[in-house]
Amino acid sequence: MASSDFDGILLGMGNPLLDVSAVVDQDFLNKYDITLNNAILAEDKHLPMYDEMSQKFNVEYIAGGATQNSIKVAQWMLQTPGATSYMGSIGKDKYGEAMKKDATAAGVNVHYYEDESTPTGTCGVCVLGGERSLIANLSAANCYKVEHLKKPENWALVEKAKFYYIAGFFLTVSPESIQLVREHAAANNKVFTMNLSAPFICEFFKDVQEKCLPYMDYIFGNETEARTFSRVHGWETDDVEQIAIKMSQLPKASGTYKRTTVITQGADPVVVAEDGKVKKYPVIPLPKEKLVDTNGAGDAFVGGFLSQLVHGKGIEECVRAGCYASNVVIQRSGCTYPEKPDFN
């Protein structure tokens, strides 16, 4: 494909959040009732933690949010400026400006909705022993309006794209926007992909998630999310391979593509289910001392995977790229990467 064919080929929609990332201690986790390897929405009790983090610990500010991370990584892997686009809602403030600058520098074509009255969303990333926990204070990210998507200059991004990626987190914000995009994808034989994103999405947003399931050509998730999904749907199995098969066999709205389920399991092999069969792909081993921070590992995996999917590559190559990208990201703080990928 010529590089012009890649112009805007991949569109992401989600909750842009500025990551407030720090290595914390167990006392801090206990104080705010935070469990490692989890992702939650901030409650009132969590609101003071963002300031406390910046006073007590060495804090880094990194443009994040699950979908935006994946889109940035895909953009990095593709190395074709403007191959990716992204929409979400930010505030009109310095954090929003920082986000715009960061994403634009990464080569992503961002069309943010800017909320006049609400601050840009933040995500507390608490890291301890290389493991992370995410506490998202959505703020402006929660204010995305479907009217923004319908504006001609924004809908043009939807029409131009051939692949779509939306993390499950966006189900809590704008199900109407997701509906417009997934129906467009189905009607035009394009590829629509989503992520389970967090156990709480599978539990508390089950109904809106179920409306999307028939449209998902690819479902991404990790083993904890997959097991929660199974429990919520009364499947009575904790076997990730069985769950992946069952998910891939759920009914589909468009028959153009069969559904593929892709479940990551940390250092254990990636489970891929399609056609009633499972294949497992080993991840790249990483010695414990090289692990810096698992934040963004799953997002990076999806970004790497999508970078090869838009090239028309097979599953094996997509997974290899996903494993490469996540291996790079977990050796760094936050969802960051070197200037150029070393993937061939």
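Just a few scattered comments:
- Each DSSP beta bridge with both residues in the chain is either parallel or antiparallel, and the antiparallel ones are about 35%.
- Taking 7 Å steps out from each Cα toward its Cβ at I284 and K92 produces label points 4.4 nm apart.
- Within the accessible area of segment 49-124 (1.4 Å probe), percent carbon and sulfur: 48
- Helix-derived mean residue ellipticity, 222 nm - over the chain, DSSP H n ≥ 4, -39500 (n - 2.57), to 500: -10500 deg cm²/dmol
- Greater than 22 Å apart at Cα, pairs in K101/K340; K279/K340; K72/K162; K145/K211; K150/K206: K279/K340; K150/K206
- Rg to Rh quotient for segment 168-246, alpha carbon positions, Kirkwood Rh: 0.97
- Restricted to Cα atoms, the chain shows a radius of gyration and a Dmax of 18.6, 54 angstrom.
- Formal net charge of residues neighbouring S333 (Cβ-Cβ distance under 10 Å; K, R +1; D, E -1): -2
- Per-bin percent of Cα-Cα distances, segment 109-258 [10 Å]: 10, 35, 34, 18, 2
- Per residue accessible area in Å² of segment 224-344, where ligands, DNA and RNA are left out and the probe is 1.4 Å: 47
- Exposure rank, largest accessible area first [L78, L128; 1.4 Å]: L128, L78
- Proximal charge balance of L10 [Cβ under 13 Å; K/R count +1, D/E count -1]: +2
- Local electrostatic count, Y144, Cβ distance below 13 Å [Lys/Arg +1, Asp/Glu -1]: -1
- Distance histogram for segment 20-178 (every C-alpha pair counted, 5 angstrom bins, percent rounded to whole numbers): 2, 8, 17, 20, 19, 15, 10, 5, 2, 0, 0
- A 1.4 Å probe, protein heavy atoms only, puts the accessible area of Y337 near 50 Å².
The values are calculated or read from the model by the stated rules, or taken from the named source; none is laboratory data. Given the structure is predicted, the values throughout are model-derived calculations rather than measurements. Neighbour counts are summed over all protein chains in view; Cβ atoms, including those assigned to glycine, are modelled from backbone coordinates with ideal geometry. Surface areas here come from the heavy atoms of the whole protein model, side chains and all, with no ligands, DNA or RNA. Shrake-Rupley method; radii C 1.70, N 1.55, O 1.52, S 1.80 Å.
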